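Quick notes on the structure that follows.
Derivation of every value follows stated rules applied to the coordinates shown; laboratory data play no part. Everything numeric here is computed off the predicted structure, so don't read it as measured data. Cβ: placed from backbone, ideal geometry, glycine included. Neighbour counts: every protein chain shown.
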Amino acid sequence: MQAYYALGLEQERLAGPHLLEWVRTCELLERHLPPAPATLLDVGGGPGAYAVWLSRAGYAVHLVDPIPSHVARAVAAAAAEGAELATATVGDARALAAADNCADAALLLGPLYHLQDRRERLRALAEARRVTRPGGVVVAAAISRYASTIDGLLRGFFDQDGFEDIVIGVLADGRHRNPTRNPNWFTTAYFHHPDELRAEITETGLVLLALVAVEGVGVALTDVHARLADPRRRERLLRAIRRLEEEPTLLGATGHLLAVARA
Ligand SMILES: C[S@@+](CC[C@H](N)C(=O)[O-])C[C@H]1O[C@@H](n2cnc3c(N)ncnc32)[C@H](O)[C@@H]1O
């Protein structure tokens, strides 16, 4: 994971191939977060895309990430946008330095899909619950078990040696391993079945409020940038995704899942 993120690809990800993830995640955060001003912990905040956006919206955002270059980039990105993060520190979702009940909401938009061991994912969720005040909100992202099959078909990866074996491994146990180190094929990760994410949230003692597909039925669009650039087509696309975002028979057919829970 360290070597993968050292490539510095994360900074541009949400504006490029993952623009729909960004737009939908922003929409879901606006819907579910307590209104600003409020205190947020962005755990696994990476180079700060959401942290900067939320700071500009009036939240006090504390960003935590284990990759020092991500933390430094987040601070620089905030400064470039005329925003300021409340704090930005190197740390791990499994053992947060923050005090009990210090946040109105905690975001885990990354850690759960980098922890292959279920006990470690439960620790990360328990930490998010601990630092969030009772009644506050925990928002956790996961990558769908089926994301690499969809992405592999769309982007032609199945035509390259080695990719199908990676997908077969994921379908067997959720563990995504990339021994080829081809950066298009991501890094060591865990891809959830929606039922697993639901179970992990409730086992932590969090109250699940919503489990939604982020890209949902828009996941396989090849012209998503053009659609999002046109205001009318954008709204039609987002309404289509929204209508089916919680449809149980479609939940896994997405890139990302988002669980929203009450602490
Ligand atoms: C794909 S990036 C997502 C960054 C940002 N949250 C977003 O959604 O754009 C995943 C992030 O999770 C972080 N991460 C991985 N394992 C973690 C852990 N154990 N604790 C906290 N963050 C972790 C990585 O360093 C990386 O910055």
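When the Karplus curve 6.51 cos²θ - 1.76 cosθ + 1.60 is applied with θ = phi - 60°, which whole-Hz ³J(HN,Hα) does each residue of segment 154-169 get, with x for Gly and Pro?
Per-residue couplings from phi come out as 5, 9, x, 5, 5, 7, 10, 4, x, 5, 4, 5, 4, 5, 4, x Hz.
Could you tell me which residue out of 83, 187, 57 lies farthest along the dipole of the chain toward its positive end? Charges go on the beta carbon: Lys and Arg +1, Asp and Glu -1, centred on the Cα centre.
57
Collect residues whose amide H, placed 1.01 Å from N in the peptide plane, falls under 5 Å from the amide H of residue 256; neighbours closer than 5 in sequence don't count.
Under 5 Å from the amide H of residue 256: 144, 214, 215, 216.
Taking springs between alpha-carbon atoms closer than 10 angstrom, which of 25, 187, 202 fluctuates most in the Gaussian network model of the chain?
202
Per DSSP H run of at least 4 residues, take -39500 (n - 2.57); add these up for the chain, divide by its residues and hand me the 222 nm value, nearest 500 deg cm²/dmol. Present the calculation step by step, with values, prior to reporting the outcome.
Values: 11 runs with 106 residues, N = 263.
Roughly -11500 deg cm²/dmol at 222 nm, from the helical runs in the chain.
With a cut-off of 8 Å between alpha carbons and a minimum separation of six or more residues, what is the relative contact order of the chain in percent?
It rounds to 19 percent for the chain.
Which of rounded, prolate or oblate describes segment 5-142 when judged by the alpha-carbon gyration tensor and an a/c cut-off of 1.5? Numbers along the way, then the final one.
Working: a/c = 1.35, a/b = 1.13, b/c = 1.20.
Rounded.
What ranking, highest mean first, results for peptides 91-102, 4-15, 120-131 when packing means the other Cβ atoms within 10 Å averaged over each residue?
Working: 91-102: 16.2, 4-15: 14.5, 120-131: 22.2.
Peptide ranking by packing, descending: 120-131, 91-102, 4-15.
To the nearest 20 Debye, how big is the dipole of segment 112-263 about its Cα centre, given +1 on the beta carbon of each Lys and Arg and -1 on that of each Asp and Glu?
700 debye
Provide the per-residue ³J(HN,Hα) series for segment 248-260, in order, calculated from phi with Karplus coefficients 6.51, -1.76, 1.60 and θ = phi - 60°, each as a whole number of Hz, with x at glycine and proline positions.
Once rounded to whole Hz, the list reads x, 6, 10, 3, x, 7, 6, x, 10, 10, 10, 9, 10.
If you place +1 on the Cβ of every Lys and Arg and -1 on the Cβ of every Asp and Glu, how big does the dipole about the Cα centre of the chain come out, in debye to the nearest 20?
440 debye
Name the shape class, rounded, prolate or oblate, that the alpha-carbon gyration tensor gives for segment 110-247, where a ≥ b ≥ c are the square roots of its eigenvalues, rounded holds for a/c under 1.5, and otherwise prolate holds if a/b is larger than b/c and oblate otherwise.
Cα axes put segment 110-247 in the oblate bin.
Could you tell me whether segment 179-263 comes out rounded, prolate or oblate from its Cα gyration tensor? Rule is a ≥ b ≥ c as square roots of the eigenvalues, rounded for a/c under 1.5, then prolate if a/b exceeds b/c, otherwise oblate.
Cα axes put segment 179-263 in the oblate bin.
Could you list log10 I(q)/I(0) for the chain at q = 0.14 Å⁻¹, which the Debye formula gives when each Cα is one point scatterer?
-0.97
So for each of 222-235, 29-42, 58-71, 104-117 I average, over its residues, the number of other beta carbons within 10 Å; can you give me the resulting order with the highest mean first?
The most tightly packed comes first, giving 104-117, 58-71, 29-42, 222-235.
Read phi for every residue in segment 130-137 and hand back ³J(HN,Hα) as whole Hz from Karplus 6.51 cos²θ - 1.76 cosθ + 1.60, θ = phi - 60°, with x for Gly and Pro.
4, 7, 9, 5, x, x, x, 10
Sort out for me the Cα centre separation of segment 138-154 from segment 38-102, rounded to whole Å.
What the calculation gives is 24 Å, centre to centre.
Starting from the amide H of residue 180, placed 1.01 Å from N in the peptide plane, find each other amide H under 5 Å away whose residue is 5 or more places distant or on another chain.
When sequence neighbours closer than 5 places are left aside, there are no close amide H contacts.
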